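Undergrad: Pasting a structure below so you can have a look.
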Amino acid sequence: MRKKICITGASKGIGQAEANLLGKHHKLFLHASNLNSFNNKKEDIHYFGYDFSKMENVSKFAEELKSKTDSLDVLINNVGVMAIHKLEDFTDEDIHKMISINLHSHILLTKKLLPLLLKGKDPHIIFMSSMSAKNRIIGESVYAATKAGIMQFAHALRYELAGKIRVSTIHSWGVNTWNDVEGAAILTPKNIAETVEFIISRERPFLVESIELGHENHWNGASAPWSPK
Ligand SMILES: NC(=O)c1ccc[n+]([C@@H]2O[C@H](COP(=O)([O-])OP(=O)(O)OC[C@H]3O[C@@H](n4cnc5c(N)ncnc54)[C@H](OP(=O)(O)O)[C@@H]3O)[C@@H](O)[C@H]2O)c1
């Protein structure tokens, strides 16, 4: 079935890989912070540019999306930023920004798009969390808090929406969205896109509640190559 799919943070990295794969068979609504973030726009895709560090922009995005479609089958809450510092080195503004983009915007957008999803066919919400939600990595305390927050939000929402909208969470270790060296022990954006494709193509009542993704030769949970020493 051709689904109507909205992906946030779809201009690069994991979101872009999801758009490339899912766009082959589905109708896409793609979001990034700015319309100029998208290269090589396609005619049959709707693009949106809204900075999610400000919650009024999340509401505006939801309104514009509602003006383009009267239903939605899949919402992929992918948008996210990761700043890595010891807590004492964070600015107050950077803490606020990461919580806004990674957690608050997901919750608010999901709330605003529920009416569209409830009109969708076999509707599904996917949240992009991280293995940071479940591990202790120096420098990722704030990031981990946002990812653990979204994990638990999704967990409770899955119960609340049971029988109406399926809710899935993806927890991934590092994904090479920053052109790490070839052959590094790190996942690729395509690995995540393929996982999303698998999740949304399962027929009800089967549900991938949450899934953990890693590289065969991965680092352990205590530190990552980029962790401050
Ligand atoms: N990469 C990893 O190792 C990894 C591992 C586990 C989980 N994740 C999670 O996966 C998701 C995608 O990560 P990624 O590595 O693919 O990120 P990325 O390559 O940095 O892409 C981030 C996307 O989010 C958008 N974005 C950033 N700031 C924004 C803002 N203020 N308002 C609206 N959109 C904004 C960007 O749009 P612009 O181009 O307009 O800036 C871009 O489309 C995130 O939630 C991340 O936490 C990543």
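Undergrad: Taking segment 139-164, which residues are outside any loop (DSSP other than H, G, I, E, B), of a type in the set (G, A, S) and either over 15 Å from S129 (Cα atoms) or touching a strand residue (DSSP E or B) at 6+ places or on another chain (Cβ under 6 Å) (or both)?
TA: Residue satisfying the conditions is A154 alone.
Undergrad: Now for a different question. As an exercise: evaluate V167 against (1) of a type in the set (A, V, I, L, M); (2) assigned to a loop (DSSP other than H, G, I, E, B); (3) in contact with a Lys or Arg (Cβ under 7 Å, 6 or more places away or on another chain) and give the number of the one condition it does not meet.
TA: (2)
Undergrad: So I125 ticks every box in (1) of a type in the set (A, V, I, L, M, F, W, C); (2) within 25 Å of I199 (Cα to Cα); (3) surrounded by fewer than 19 Cβ atoms within 10 Å (Cβ to Cβ) but one. Which box is left unticked?
TA: It is condition (3) that I125 fails.
Undergrad: For the condition closer than 24 Å to T195 by Cα and more than 8 Å from the ligand (Cβ to nearest atom), what is the one hit in I14, I84, I7?
TA: I7
Undergrad: Step by step: first the residues of segment 17-48, then only those that are within 8 Å of the ligand (Cβ to nearest atom) and closer than 23 Å to S71 by Cβ, then the one that is surrounded by the most Cβ atoms within 10 Å (Cβ to Cβ). Which residue is that?
TA: Out of the qualifying residues, it is H31.
Undergrad: Does segment 98-120 include one or more residues that are within 18 Å of D73 (Cβ to Cβ), within 12 Å of the ligand (Cβ to nearest atom), of a type in the set (V, I, T) and at pLDDT 95 or above?
TA: So far as segment 98-120 goes, no, none of its residues is within 18 Å of D73 (Cβ to Cβ), within 12 Å of the ligand (Cβ to nearest atom), of a type in the set (V, I, T) and at pLDDT 95 or above.
Undergrad: Look at E64 and say whether it is surrounded by 14 or more Cβ atoms within 10 Å (Cβ to Cβ), among the acidic types (D, E) and assigned to a helix (DSSP H, G or I).
TA: So E64 passes the test.
Undergrad: I need the full set of residues from segment 49-77 which are within 12 Å of the ligand (Cβ to nearest atom) and in contact (Cβ under 8 Å) with a residue 12 or more places away in the chain, in order please.
TA: Answer for segment 49-77, where residues must be within 12 Å of the ligand (Cβ to nearest atom) and in contact (Cβ under 8 Å) with a residue 12 or more places away in the chain: G49, Y50, D51, F52, S53, K54, M55, V58, F61, I76, N77.
Undergrad: Shifting gears a bit: Of the residues S105, S130, only one is touching a Phe, Trp or Tyr at 6+ places or on another chain (Cβ under 7 Å) and of a type in the set (S, T, Y); which?
TA: None of the other options fit; the residue is S105.
Undergrad: Select from segment 121-138 the residues that are basic (K, R) and either more than 12 Å from the ligand (Cβ to nearest atom) or in a loop (DSSP other than H, G, I, E, B) (or both) and list them in ascending order.
TA: K121, R136
The values are calculated or read from the model by the stated rules, or taken from the named source; none is laboratory data. Everything numeric in this text was worked out from a predicted model, so none of it was measured. Virtual Cβ from ideal backbone geometry, glycine too; neighbours counted across all protein chains shown.
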